Amino acid sequence: MKSWRAISVFATTVACVCSAALLWPHPARTQQASSPIAFASISASASVQQPSSSSSTQTPTIEEYNPKSTLVVPEHKIQRAKFPFIDIHSHHGNPTPEHVGQLVKEMDTINLRVLVNLSGGTGEELKKTVATMKGRYPDRFVVFANPSYDDINTSGYGQRAAERLAADVRNGAQGLKIFKNFGMDLKYATGERVHADDPIFDPLFEKCAELKLPVLIHVAEPSAFFDPWDKNNERWQELKEFPQRARPPSKYPPFETLMAERNRLFARHPKVNFIAAHLAFHGNDLERLGKLFDTLPNMYVDIAAVLAELGRQPYSAHDFLVKYQDRVLMGKDIYEVNEYKWYFRALETRDEYFEYYRRRHAFWRIYGFQVPDEVLKKIYYKNALKLLPGIDAKAFPN
């Protein structure tokens with residue numbers, strides 16, 4: 001019994017001495033740390049206070065997390081469209097002859113027969129753009145005019161806007177493009193928002209009907225941009241990258257208000273063919289978009305910059321495109337020749353679970369929703385030929 005008590009007392013003494021050695025400043029402390037007992041104490045303390053580097057690398061942020069799929073399935077990475085196509089939605093402001101020449105070379109590599117430049121401007125700017133793009137390549141480009149709002153606060157604006165458009169058409173414009181500030185940021189001098197269905201624009205749209213000009217129009221933004229920017233918002237990453245894209249209620253009308261205004265505009269001008277950009281921002285609700293088609297026979301859509309919406313619902317996308325094959329047009333928006341192949345792959349194959357080309361639009365992977373060739377032809381070029389004046393149909397298959 002005495003021996004065990006002696007051992008216990010000795011162990012307690014050693015522990016106290018070691019603790020004192022660690023806490024009390026002593027000139028020989030660095031040498032004491034080399035003793036086995038002190039080293040063990042220091043190591044234990046370090047392991048508790050400092051996380052290991054391996055554990056920290058296992059906690060990436062949501063922006064850093066980028067898992068690589070291990071799925072092994074057939075892949076068809078198509079580089080060139082099966083049929084020649086028309087890109088109804090592209091932007092090329094103040095193009096130079098060199099830029100246009102490079103465009104044509106790139107277009108030929110992917111079977112892009114006709115590119116529509118929606119950023120033509122008006123007046124002298126439009127004349128210059130038409131001359132630059134269609135001067136050497138009259139059959140490869142279409143240029144749309146854009147309305148000016150500089151004189152919107154002066155009486156008679158609508159009639160002047162219509163007259164400017166007629167002049168732009170005489171100078172080579174083949175359609176009208178209305179940008180996203182329409183209905184959201186555009187205001188009168190009083191500060192009042194200009195509504196998308198404001199009657200002030202009626203003369204302009206009546207001129208479009210008279211001249212049989214299509215109107216490609218951008219009203220609102222994805223509905224998620226109008227929602228709270230929080231952990232439940234599926235466009236969180238895009239809003240983090242571009243916070244100016246958020247549409248808070250303190251500055252903007254609600255999404256549904258803009259949709260209602262847009263739909264009333266379409267209904268009020270039944271003789272105008274309206275192409276609602278970006279699947280009319282209903283790519284996440286194709287049933288709703290289908291009901292709009294059923295209600296508004298003069299409404300069409302493009303698929304520019306919303307391929308990820310279709311690609312995450314391949315069965316619904318396939319059925320929707322087959323059902324409404326006469327109402328959907330091919331479009332890309334931001335021009336980058338190497339990104340078109342995602343559209344080809346989604347429209348032409350049944351490939352599974354492949355990455356989208358712009359992560360901020362979709363943190364999810366997409367699937368091919370292969371449509372029949374006759375539907376593909378309509379999306380690629382036939383629907384555009386029906387709506388756009390002045391394109392040589394002989395350049396496309398029957």
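Derivation of every value follows stated rules applied to the coordinates shown; laboratory data play no part. None of the values given here were measured: they were computed from a predicted structure. Glycine gets a Cβ as well: all are built from the backbone with ideal geometry, and neighbour counts include every protein chain shown.
Numerical summary
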| item | result |
| --- | --- |
| Derived scalar couplings ³J(HN,Hα) [the range 372-389; Karplus, 6.51 cos²θ - 1.76 cosθ + 1.60; whole Hz; x for Gly, Pro] | x, 4, 5, 5, 4, 4, 5, 5, 6, 8, 5, 5, 5, 4, 5, 9, 8, x |
| The chain - percent relative contact order, Cα under 8 Å, separation 6 or more | 15 percent |
| Contour excess over end-to-end distance, with Cα ends at Asn94 and Glu256 and 0.36 nm allotted per residue | 54.8 nm |
| Beta bridges by DSSP in the chain, antiparallel share as percent, to the nearest 5 | 10 percent |
| Sequence ranges 255-267, 301-313, ranked by mean other-Cβ count within 10 angstrom, highest first | 301-313, 255-267 |
| Reduced Cα scattering model of the range 243-325, Debye log10 I(q)/I(0), q = 0.17, 0.26, 0.27 Å⁻¹ | -0.76, -1.32, -1.36 |
| Net charge dipole size for the chain [Lys, Arg +1 and Asp, Glu -1 on Cβ; Debye, nearest 20] | 740 debye |
| Across Lys180/Lys231; Lys180/Lys378; Lys332/Lys378; Lys207/Lys271, pairs whose alpha-carbon gap is larger than 22 Å | Lys180/Lys231; Lys180/Lys378 |
| Computed [θ] at 222 nm, deg cm²/dmol, the chain (DSSP H ≥ 4; -39,500 (n - 2.57); rounded to nearest 500) | -11500 deg cm²/dmol |
| Separation in nanometres of the label points that stand 7 Å from Cα toward Cβ, at Ala393 and Asp150 | 3.9 nm |
| Ordering of 213-219, 147-153, 364-370 by packing [mean C-beta count within 10 Å, highest first] | 213-219, 364-370, 147-153 |
| For the range 343-390: rounded, prolate or oblate by the Cα gyration tensor [a/c cutoff 1.5] | oblate |
| From the coordinates shown, Cα extents along the principal axes in Å corresponds to which of [x] 60, 48, 41; [y] 113, 56, 44; [z] 74, 55, 49 | [y] |
| Protection proxy ranking of 167-178, 198-209 - average other beta-carbon atoms within 10 Å, highest first | 167-178, 198-209 |
| GNM flexibility winner over the chain from Ser119, Ser155, Ser90 (Cα, springs under 10 Å) | Ser155 |
| Selected from Ile379, Ile334, Ile275 as most flexible by GNM, with the chain as the system and alpha-carbon contacts under 10 Å | Ile334 |
| Net lengthening on full extension, Ala189/Arg350 (0.36 nm per residue, minus Cα-Cα) | 52.7 nm |
| Karplus (6.51, -1.76, 1.60) ³J(HN,Hα), θ = phi - 60°, over the range 141-156, in Hz, Gly and Pro reported as x | 9, 10, 10, 9, 8, 10, x, 9, 10, 4, 10, 5, 8, 9, 3, x |
| C-alpha center-to-center spacing [the range 248-320, the range 324-398] in angstrom | 17 Å |
| Top of Lys291, Lys127, Lys82 by mean-square fluctuation, Gaussian network on the chain, Cα under 10 Å | Lys291 |
| Approximate shape of the range 145-281 as ellipsoid semi-axes (Cα gyration tensor, √5λ), whole Å, largest first | 29, 16, 13 |
| Karplus (6.51, -1.76, 1.60) ³J(HN,Hα), θ = phi - 60°, over the range 221-238, in Hz, Gly and Pro reported as x | 8, x, 4, 5, 5, 8, 7, x, 8, 9, 5, 8, 8, 6, 9, 3, 5, 5 |
